[in-house]
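The values are calculated or read from the model by the stated rules, or taken from the named source; none is laboratory data. Everything numeric in this text was worked out from a predicted model, so none of it was measured. Don't worry about glycine lacking a Cβ; one is built from the backbone with ideal geometry, like all the others, and counts go over all protein chains shown. Just so you know, the surface numbers come from the protein's heavy atoms only, side chains and all, with ligands and any DNA or RNA stripped out. Shrake-Rupley method; radii C 1.70, N 1.55, O 1.52, S 1.80 Å.
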Amino acid sequence: MASERASTPQSSSKQSSSLSSSPMSSRMQTLQVDSVQRWMEDLRHMTEVECMCVLQAKPIGVEEDSHQGELIVTSGITAGDHVARNNLQTLLRRALVVSTELGKMFQRLEKGRWQRVHSTAVRANCHVRSLVHEYSAARNTPPEMQKYEKSLLEKCMELTNITERCLHTDDEFFLKSMREAIHEILTDVSDSFSNMIDMALANEIRVLIKQIESSDCIQTIGSAISNLLSLTQDGPQLCSIIAKEGAVVALFKICRQDRFRDLYAHALRTVASICCVEEGINQLDKVDGILCLADILTDDSSVEAARAEAAAVVAQITSPHHTSTQHLASFLESMHDIVTALIKLCESASCGEVFLLASAALANITFFDSMACEILLQLNAIHILLQACKDRQRVDTPYSKDQVVTILANLSVLEACASDVLQEQGIERLLLLLGEKPSSSNPSEVAACERVQQKAAVTLARLSRDPDLAQTAIQLKAVPRLIELCRSPTERNNSDSVLVACLAALRRLAAGCPDSIEAADHQQLIKPRLVDSFLLCSNMEESFV
């Protein structure tokens, strides 16, 4: 689910990371003139921290488009409505700078480039001291964080001093022993810095959550939710911190109050992002979040955007990638209502993003409970999904088709499915899906097309247990298409999984109607063991087609 939504819904509005963007009031300033830039970089490495702090209050340069190697000078933390956002942006930006410097130092230490090791240590020391000074000035630092700050600053100074000693000797034995000592100190600095940043981020997150819980102003709450959502894009580690600080609980409180209906979609999108980690799902389970999702999905007065984001949360928590399944016990209690609401959302979706979210949730649900498949058959899901495939407003990408064919593949294990597929001319649609091609070289799109082809072949193989359906497939020339996919690597996007699925489908059709396959094809693709046919086809060149 995560990869599909990265290309459309879930992260379409959140592609940019907090680490690489800054608010309007804290724009990074850059210096474009090479000679002056070089002088400023050298000066930065030699000045005292107090001087650096003064410099950071001065705007230098005019261009926003910075390139690697340009001098970045922050403009400090401003007051007002955006203080929380600025604190977070500055903290994350400085953390990235320090982490980059420490990474460079590890590399240069291994190469024994002592001059650069020392200059990097000085630079990292300046950045750390500046970060601590600036953050402390903007926020009351918690006592436990103060301990890390003091220890970190001492270690940074020790690192600077010890690397300076290595500049004044050529004694290899001494340098070797110093390398080990520096490596140990550098590791301590990295660990201490990481812990301090986690504490600072947790502190900022608590401020945002307090705004969500205590404010009655929709604008204030919406701004706090936006900041949390932005933070979730910086990786699972931050999502874990956000979850542990109680964000999921606070967001579901919003979703249970009618006066905040306009915030439901925004809050649920943030919940979906947080639930990429187990801590988020556990928090959702503790506050009966699934019941809240079911209420929003089944409420006809809920706007489509809110129901779509509720579907996104369902898709996230039912993802097969999660190792913990404890939360699914409570999900089963509401499954009938949720599945019913999701298939209705697929039918009424106004755009491809809404359809993708609803169908992705259904696809995940059909994996872990066969009862969901039976419910979908009763709700005429095959008709709804196959009709949607004809509507480019709803099914407009390989990612959406992937969800549809996943549901069809899981439904096809039920015998009753074959008659519905025949009635809705589903074999024709499966053959079209077997020809799915990426429109670009984008790796995620190529992978989605491979999944579509593979699952279409799997569905065809399962459905071909029914003699009438197998006969229809043969009449519609499914066999030549499957043979082409087996023999031509480019037709199957060079995918081995598609090859295996097509060989299986071909053998299933041949078992019911041997005369549908020519002798040469039977000799190579049907008669040998599956693994032998696979090896033969996987080594074929285009000239065999």
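Brief remarks on what is shown
- Reducing region 105-182 and region 480-545 to their Cα centroids gives an inter-centroid distance of 62 Å.
- Computed over region 361-438, Kirkwood Rh from alpha-carbon pairs, angstrom: 12.7
- For the set Leu414, Leu91, solvent exposure ranked by accessible area (probe 1.4 Å, protein chains only) runs largest to smallest as Leu414, Leu91.
- Taking the convex hull of Cα positions in region 191-266, its mean projected area over all directions (nm²): 4.8
- Region 79-202 - convex hull of the alpha-carbon atoms, volume per residue in Å³: 86
- Each of Gln146 and Ala202 was given a label point 7 Å from its Cα along the Cα-to-Cβ line. The distance between the two points is 1.8 nm.
- For Thr169, the solvent-accessible surface computed with a 1.4 Å probe is close to 40 Å², ligands and nucleic acids excluded.
- Part-to-part distance (alpha-carbon centres) for region 410-439 and region 217-257, which is given in Å: 40
- Evaluated at q = 0.11, 0.14, 0.19 Å⁻¹: base-10 log I(q)/I(0), Debye formula over Cα of region 215-379: -0.40, -0.66, -1.23
- Subtracting the Cα-Cα distance of Lys111 and Gln387 from 0.36 nm times their residue separation leaves 93.1 nm of extension gain.
- Loop-resident GluC sites (Glu not before Pro) (DSSP state other than H, G, I, E or B) in region 359-441 with no more than 12 further Cβ atoms inside 10 Å of their Cβ: Glu415.
- Heavy-atom accessible area ranking, 1.4 Å probe, most first, across Ser330, Ser214, Ser99: Ser214, Ser99, Ser330
- Given a 1.4 Å probe and the protein chains as shown, His133 ends up with an accessible area of around 110 Å².
- Between Asp288 and Thr169, the modelled labels are 6.9 nm apart [label points 7 Å from Cα along Cα→Cβ].
- Taking every alpha-carbon pair in region 217-313 and binning the separations at 5 Å intervals from zero gives 2, 15, 28, 26, 19, 8, 1, 0 percent.
- For Lys253, the lysines whose Cα falls under 30 Å of its own Cα, not counting residues fewer than eight places away in the same chain, are Lys14, Lys210, Lys244, Lys286, Lys344.
- For His336, the accessible area of its heavy atoms, probed at 1.4 Å with every protein chain present, is near 100 square angstrom.
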